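Written out below as structure tokens is the structure these notes cover.
The values are calculated or read from the model by the stated rules, or taken from the named source; none is laboratory data. Keep in mind it's a predicted model, so treat the numbers as computed, not measured. Using ideal geometry, Cβ is built from the backbone for each residue, glycine included, and neighbour counts are taken over all protein chains shown. The area values use the complete protein model at the heavy-atom level, side chains included, leaving out ligands, DNA and RNA. Shrake-Rupley method; radii C 1.70, N 1.55, O 1.52, S 1.80 Å.
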Amino acid sequence: MAAYFLVKGEQTVKGRITINGAKNSAVALLPAALLTEEKVKIDNLPRITDINILLEIMRALGAVVSFAGGRSLIIDGANVDSFIPPETLVNKLRASYYLMGSLLGRFGRVEIPMPGGCDLGPRPIDQHIKGFTAMGAEVEVEHGLVKVKAKALKGAHIYLDVVSVGATINIMLAAVKAEGRTVIENAAREPEIVDVANFLNAMGAQIRGAGTDVIKIQGVRELHGAEHSVIPDRIEAGTFMIAAAATGGELIVADVIPRHLEPVTAKLKEVGAEVELGPDYIGVRGSNGLAACDVKTFPYPGFPTDLQPHMMVLLLKAPGISLITENVFERRFRHIDELRKMGAMITLEGRTAIINGGRPLSSAPLRAMDLRGGAAFIIAGLIASGDTIVNNIAYIDRGYEKIEERFQEVGVCVQRLETGQQ
Ligand code: EPZ
């Protein structure tokens, strides 16, 4: 039996929602914890399937992981004795690539299959490899397996050719225990990178400059135990903010760091939503007269590619022509064909989607093609007429914790059903 979401149409999101810990931090914090043999505690962990898979991988490597309460995890990496994460699990998760940096840092060795994850177009890891090689590692790719080995990792000066979140974090993980100083130039500046650097520093690392485009890491001999709380998920927050704007609703999104959402709040205002910024919350009030606008995705602090599909759905409500240019991933547009099934008028020219907004959407059976596109279909279902079915929801569960219950909390009907059940 396959699970799917049934989304009741023409509904309005309203009320208050508190935001969970950030997936894209958490998936790096867990591998980072393997850099010490001492116990580490991570709080505010999102309970999503990507984390469950990562925990299975860590257990397979020899770590003892146990929850102390719903969202606090204790990781005891003392008995980790393998540098070969199991292929079947690694293939399920893009972020398993962080085990490259962390196991390399711990054992000077790692053998791992090329990472899986959402199909957003080509997702090479050449910049990760460039970093490891600069630090003295030998890297071989054989039969889909990446084998990295270093007698002793040495600090290096690394200039990234593309701004990459994954490469920045992976190089940081490998560099914290390397001999001497590593400098990463043209580093990514995402808040999740700062979160990982803060955790590593709490473990005794010496990282400066995270959040800027030059990160300097002075290698230390050992890391020790620490406790850390995951930052709020700005993409989950943005999802609900956009849902409120698209449905003409009124929502308080609480427990967020409003600064992390500036690119999103700026666009929501431009589209015509009202946005109120509090110290740790953001209020969004939709409007019936939304305005078309242009959006270009860029690395942070640009508009996040992870909210591009949601923004597209919002712009379907705004009369006139809007353009969305996807600058981060070459083919992150697989949601367009599905949205067309609802009557959306969207054409694609190269990396730019041309959205002819303001036309009514009607329900249709949709198939999630990736995590964020799938979540955007729920928002599309809320503004369409009729009941929309979203299939393939395992993608959505990878990064959103019980998203149907979260939508129910804000007053709309999204149900998780099994085929054969209505
Ligand atoms: C991270 O992916 C996130 N994943 C993605 O979140 C997010 O969309 C992306 O950053 C951009 O913000 C995690 O944090 C686990 P990149 P990542 O390396 O690290 C190219 C979600 O839905 N590139 O910053 O894989 C790459 O092809 C997801 O939560 C190289 O060319 O992204 C892309 O065009 C999906 N060579 C661009 O850089 C490399 O070695 C940015 O990718 C690495 C990347």
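Of the solvent-accessible surface of the stretch 314-422, computed with a 1.4 Å probe over protein heavy atoms with every protein chain present, carbon and sulfur atoms account for 48 percent. Screening the chain for DSSP H helices whose Cα atoms reach 27 Å or more along their own axis and whose mean Kyte hydropathy is at least -1.0 gives nothing.
For the stretch 132-194 and the stretch 16-61, what is the separation of their Cα centres, given in Å? First find each Cα centre; the distance between them is then 21 Å.
Projecting label points 7 angstrom from Cα along Cα→Cβ for Glu405 and Arg259 puts them 3.2 nm apart. Sorted largest first by accessible area at a 1.4 angstrom probe radius, with every protein chain in place, the residues Phe132, Phe298 fall in the order Phe298, Phe132. Expressed to the nearest 5 percent, the antiparallel share of DSSP beta bridges inside the chain is 75 percent. Subtracting the Cα-Cα distance of Ile354 and Arg59 from their residue separation scaled by 0.36 nm leaves 101.6 nm. Only DSSP H runs of four or more residues enter the estimate; each adds -39500 (n - 2.57), and after division by the residues of the chain the mean residue ellipticity at 222 nm equals -9000 deg cm²/dmol.
Solvent exposure of the stretch 23-229 amounts to 38 Å² per residue of accessible area, where only protein heavy atoms count and the probe is 1.4 Å. The orientation-averaged shadow of the Cα convex hull for the chain, equal to a quarter of the hull surface, comes to 18.7 nm². For the pair Phe298 and Ala78, a Förster radius of 51 Å applied to the C-beta separation gives a FRET efficiency near 0.75, rounded to the nearest 0.05. Shown here are the Rg and Dmax of the Cα trace of the stretch 371-412, at 10.0, 28 Å. Three principal axis extents of the stretch 297-405 based on alpha-carbon atoms, in descending order, are 30, 30, 19 Å. Accessible-area rank, largest first, for Lys317, Lys147: Lys317, Lys147, with all protein chains present and a 1.4 angstrom probe. Qualifying GluC sites (Glu not before Pro) in the stretch 310-391, where qualification requires a DSSP coil assignment and no more than 14 other C-beta atoms within 10 Å, comprise Glu330.
What is the stretch 142-192 by shape, rounded, prolate or oblate, if you read a ≥ b ≥ c off the alpha carbon gyration tensor as root eigenvalues and call it rounded for a/c under 1.5, prolate for a/b larger than b/c, and oblate otherwise? Oblate is the answer for the stretch 142-192, as a/c is 1.5 or above yet b/c matches or exceeds a/b. Spin-label model, Ala3 to Leu323: label points 7 Å out along the Cα-to-beta-carbon direction sit 4.1 nm apart.
Over the stretch 318-390, accessible surface divided per residue gives 38 Å², non-protein components excluded, 1.4 Å probe. Compactness of the stretch 1-131 is given as radius of gyration and Dmax, 17.0, 56 Å, from Cα positions.
The rule of thumb for compact globular proteins, 2.2 N^0.38 Å, goes into the C-alpha radius of gyration of the stretch 154-262 1.28 times. Measuring from label point to label point, each 7 Å out along Cα→Cβ, what is the Thr347 to Ser385 span in nm? According to this spin-label approximation, the distance is 2.6 nm.
If you bin all the Cα-Cα distances of the stretch 23-229 at 10 Å, starting from zero, the percentages per bin are 9, 40, 40, 11, 0. Beta bridges per DSSP, both residues in the stretch 23-229: antiparallel share near 75 percent. One chain, two ends: Glu140 and Gln218. Fully extended at 0.36 nm per residue, the span grows by 25.4 nm beyond their Cα-Cα distance. Residues Arg106, Arg259 ordered from highest to lowest accessible area at a 1.4 Å probe: Arg259, Arg106. Magnitude of the charge dipole for the chain, about its Cα centre and with charges confined to Cβ atoms of Lys, Arg (+1) and Asp, Glu (-1), is about 260 debye.
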